[in-house]
Each structure stands twice: as structure tokens, then as C-alpha cells.
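Take a look at the structure set out below.
The values are calculated or read from the model by the stated rules, or taken from the named source; none is laboratory data. Note that the coordinates shown come from a computational prediction; the quantities given were computed from them, not determined experimentally. Methodologically, a virtual Cβ is constructed for each residue, glycine included, from the backbone with ideal geometry; neighbour enumeration extends over all protein chains shown.
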Amino acid sequence: MKFAPPIAAALALLAASPATAQQAPAPAPAAAPTSPPNLVVVISVDQFSADLFAEYRAQFTGGLARLMSGVVFPSGYQSHAATETCPGHSTILSGARPWRTGIVANEWVDFNAPRADKKVYCAEDESVPGSDSDSYTVSDKHLKVPTLGEWMKLADPATRVVSVAGKDRAAVMMGGHKVDELWWWNGKAFVSYAGRTAPAMVTRMNANVTARIGEAQAPMALPAFCQARSRAIRLGATKTVGDGRFARTAGNAGAFRASPEFDEAILALGAGVATDMKLGQGGHTDLLILGASATDYVGHTFGTEGSEMCIQMFALDQTLGKLFAVLDKTGVDYAVALTADHGGHDLPERHDEHAAPTAARMDRALDPKAAGAEIAAKLGIAGNPLRGSAAGDIYVDPVLPKAQRDKVLAEAMRRYAAHPQVHGVYTRAQILATPRPTTPPETWTMLERARESFDPSRSGDFVVALKPRVTSIADPMGRSVATHGSFWDYDRRVPILFWRKGMTGFEQPLSVETVDIAPTLAALVKVPVPVEIDGRCLDLDAGPGDSCR
């Protein structure tokens, strides 16, 4: 099935480029290769939950079908509590959970930050003069650990690392501190760190995407298996989701980002940069990192069910197939790992159709601004003593005298714990007193999940866990109608897939973690892990051998 129309010439740019046109497809090896691959490709599909994978896997015929012929771990875990984009991406190629990476959330509160709101974004340098929470300078400074690309460069300085994503935090957290090329979409174009010269492929893709956004988009075709999912869900008096097909007006960059076209542009750019640089063709193992972000924007904008997500899953599968076809043409022996930074949760209004008893939107009284104002009035405190997120870390203003801080904390704990939408409230002292978990991630207690997200230098004074299916978006009339970020398994579970030509495929149903990906790939390319990590090597050999040796 074809979309009408696809992004103009996105992957066609590669088919016509000299770097690919002169190469022939490599024949499939007769047996599983024992030498390291020439290229490792790591793909993160933002908000690609294990539930979505299970729901649509029977429909995949393209790139995801190819990956399913390799090694499949359908029950991977972003095992920590802070199931957001930045923490999740920090685990994938570091082998470390957020307590170790330092990436405890997409943003946190630092009362020493040189800005009024004290918010710090995970992938910024807040010390840059004139920057603020909305206008920031992208940086890797907050990532406390090295990544796979850095391990590979330490073992072989000739290794090249390329990271391309739809979000800066995805490109930075997976790419790490030493990248040869790093590009992300800033809402208008693919950009990089200041002072970097754009490769020709970036310039061509930016021109292509700018032209495409300037065109109106007709409704995309609805695959037959999506028809039963196409039902309008009313949100308020004027808004509906669930039966859309990504039609958009000319110039609507936001709608472009929340559509399958976005992933096509991201993956086309990544493949183009890789082929122009001849990754995997220099006698060394190179690393190509791709962050496909459209699924997350579709999930936030329309929910995880409905025609929109169904079309997105179909398109993602087909676009990945195009990506692999481009890589096949290079003749390079490459291995692929695909996973996600977190899962996702559908909008409560659609859950109501399934009679989900606890599905609801968060009570606005749980917002720290609202709760803090009430506490300040009760205790006679000037200003608001609370900052943070109602579904995560909450901070008590350290400027307050200790006696007042203790009273604020006690009153806040009492209020949040008593609220019917709150499952639990955990203090800094409780979390830090919790031993690191050693059991499978599905067995972890709530405190253990919180512990693996907790960095004492960045995390809050207490953490709030909402009850299952309580959505932290109180108002569905804004840009986002659904989200993630909870302690619950629908946000923690993601698929983990490995593929290489000649690999003997199998499926392992037991739980593994995203922190296992980096040491597994390190073993595949025969690179030592130079630091202490949380993950372990996964055996990708279905036979008597052990790929982790």
C-alpha cells in the first residue's frame, strides 16, 4: 500500500546518490558470522511499547518483519520509574540506569540554576548566558557516563559514530560525548552543535523537508487492518481523535512532526549521512544511531490506539524496510538493535469504552503549583514552597528554614498520600534507604523502581506515583491528549530486537532490560566494557555457543 503522497524524494535521495548506486547487495552468508560486523545500527523508536509491538507484530511485512526473523525479546524493560524520553535514551547505549547516568527526568529543578524558574533540561548547558528553559543550548554535559560509541572509540580511535534523531535528547543521550556527526530536528530543520559544518546530505534533506512542509498533505491511505480501529473519540465540545489520517494544511510543521513523514525524513537523513561517509567500509566497526521520534508525537497527539497509531505502525515498518534496503546496497555487513525509550498509555476517554475502572485525567489539585499554594496558605508561608511534576519528582524550596521545610514536606506528604488518584508517595530518605534491586524487573517494588531513577544531586525531596491509568495530562484540549512517565509496566515494557544476516533467530519471552543492549553489542564487536554498568550481555546465539564470551 502506498501513502498519498509520501515525503517528496526522502529516501529516493539515497537511491540516486553515487555512494549507493555503485554498490551491489551482499549475498547472505551461509552461516552466522563469527567476526565483528563492520557497522552496528541502533534504532530507538520513541514510545514503541511492548503492547504496541504485540498488537501489530502480525501485520509487519517490512523492516520490523526482518528484525523479527532475528533475536526477539518481547519483554524488555526500561525498568526505572522515570519512564520519560531522556532517562530512557540514556540507558540504551550506556548500560546504566538513570541513577548512574544522572538523567533522572526530561527536566529537573536546580535551585542554583541561573534562571527564574530553576528548571534544567536534561540535554542543555544552563550556564550559557541568556539561556532559559524554552531557549537552551543543547549539550551532553549532564550525561554522567560514557556510551557504546565511546567504548568503541577507546578500543579503536578510528571508529566513527553518527547519531541522528527527531529529538535533541535522543541524539545526545545515545550518541554520548564523542560523536563524529550528531543531528536532530529543532522544529524547523535538522541542526547540530554550534560550529559544525552540515554535510551535503543534511543540506539536501533540510531543503527537501522545508518544501514538503510547505505542501498540504492529503489524507493517508487507511490499511484494511486499521479500519476497525478508526473511531472518533470526543474530547470536549470541539476536539476529536481516533479517526484521523494525517491530512494537514500547508506550512504546518507541528502536524508534520506528528506524522509518519517525520520518521521517513529522520531515517533517510541517517542513512544518507552513513552512505556518504561510507560507514562500515573503512576496515573498522562504525556505529550508526537513529532516533525515530514520530511514534511518540503520534501517541501524545492522538493516543496509542485509533487510526492514527495504526497508520504510524504500518508506515514505520515500511520505512524501516526502505532503510535496510539502502544499507543492503552498500554491501556492508551490519547488525541492528532496535528498542524504545519507554512505552505509552492511551487516553482515558478511550479507556472508558473498555470500562477501565481507574482510567481518568489527573486532578488539577495534584499539580505542585496548586498544592504548594494551599500549603503555603495553611502554614503562613510567603511564596510557593513546591516545584516539580505531579507525576514524578517534587522539590521543597531549600531557602525555607529547616523547621518550615519539614512542615511543608509533612503536609505535602499527607495531602498527596490521601488523594484517591495517588498510589504512593516516597521521600528522598525512603528511596535512598532502599537497596538496589537484584531480581527481574517485573518483580521490583515501587521503591525499587524509584531507586533506579534517583540521583541525590538532581532528584526531588519526594516522588509521587499516580495510580494505574491515571493520565498526568489534566486538560486534553492542548497539544497532548495522552502520555507516559509512570511507574507502571505499560510505560516500562518495550521490545528489544537484534538482527544480522546469517543470525539464527529465536524468541526469548523472559524479561531483559534496555541496559543489556550496550554490553551485548560490545561483546558482538569484541570491545571491552571499560566502566561499571548495570546491564549484562545477552546471548544472541541459539546454538551451543555463547556470544557473550
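Quick look at the values:
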{"read-out": "Yes/no for GLN59 being within 25 Å of ILE311 (Cα to Cα), buried (at least 16 other Cβ atoms within 10 Å of the Cβ) and over 14 Å from the mean Cα position of the chain (by Cα)", "value": "yes"}
{"read-out": "Elements of type helices (runs of 4 or more DSSP H) contained in segment 199-298, each with 1 or more residues being among the basic types (Lys, Arg)", "value": "200-213, 253-257"}
{"read-out": "Check on GLY244, more than 30 Å from CYS310 (Cα to Cα), small (Gly, Ala, Ser) and assigned by TED's automatic domain parsing to the domain that holds LEU338", "value": "no"}
{"read-out": "Residue within segment 209-219 that is assigned by TED's automatic domain parsing to the domain that holds CYS310, closer than 30 Å to ASP352 by Cα and modelled with pLDDT of 95 or more present", "value": "yes"}
{"read-out": "Test for ALA377: is it part of a helix (DSSP H, G or I), touching a residue at least 40 places away in the same chain (Cβ under 8 Å) and in the same structural domain as MET446 (by TED's automatic domain parsing)", "value": "no"}
{"read-out": "Residue within segment 410-430 that is touching a helix residue (DSSP H, G or I) at 6+ places or on another chain (Cβ under 7 Å), more than 20 Å from ALA82 (Cα to Cα) and not in a helix (DSSP H, G or I) present", "value": "yes"}
{"read-out": "Selection status of ALA123, farther than 14 Å from SER459 by Cβ, touching a helix residue (DSSP H, G or I) at 6+ places or on another chain (Cβ under 7 Å) and not assigned by TED's automatic domain parsing to the domain that holds LYS178", "value": "yes"}
{"read-out": "Boolean, LEU521 is in contact with a strand residue (DSSP E or B) (Cβ under 7 Å, 6 or more places away or on another chain), part of a strand (DSSP E or B) and modelled with pLDDT of 95 or more", "value": "no"}
{"read-out": "Qualifying residue in segment 180-192 (condition: among the polar types (S, T, N, Q) and either outside the structural domain of SER94 (by TED's automatic domain parsing) or more than 16 Å from LEU288 (Cβ to Cβ) (or both))", "value": "yes"}
{"read-out": "Breaking point among (1) in a helix (DSSP H, G or I); (2) loosely packed, with under 13 Cβ neighbours inside 10 Å; (3) of a type in the set (A, V, I, L, M, F, W, C), for ALA194", "value": "(1)"}
{"read-out": "Out of GLY343, GLY331, sole residue that is under 20 Å from the mean Cα position of the chain (by Cα) and assigned to a loop (DSSP other than H, G, I, E, B)", "value": "GLY343"}
{"read-out": "Residue within segment 76-89 that is within 20 Å of ASP317 (Cβ to Cβ) and buried (at least 21 other Cβ atoms within 10 Å of the Cβ) present", "value": "yes"}
{"read-out": "Count of segment 467-481 residues which are within 14 Å of GLU84 (Cβ to Cβ) and not β-branched (Val, Ile, Thr)", "value": "2"}
{"read-out": "Identity of the residue in segment 316-335, within 15 Å of THR285 (Cβ to Cβ) and out of contact with any strand residue (DSSP E or B) (no Cβ under 7 Å at 6 or more places or on another chain), that ends up surrounded by the most Cβ atoms within 10 Å (Cβ to Cβ)", "value": "THR330"}
{"read-out": "Members of segment 106-123 found to be closer than 14 Å to ARG387 by Cα and within 24 Å of the chain's Cα centre (by Cα), listed by number", "value": "GLU107, TRP108, VAL109, ASP110, LYS119, VAL120"}
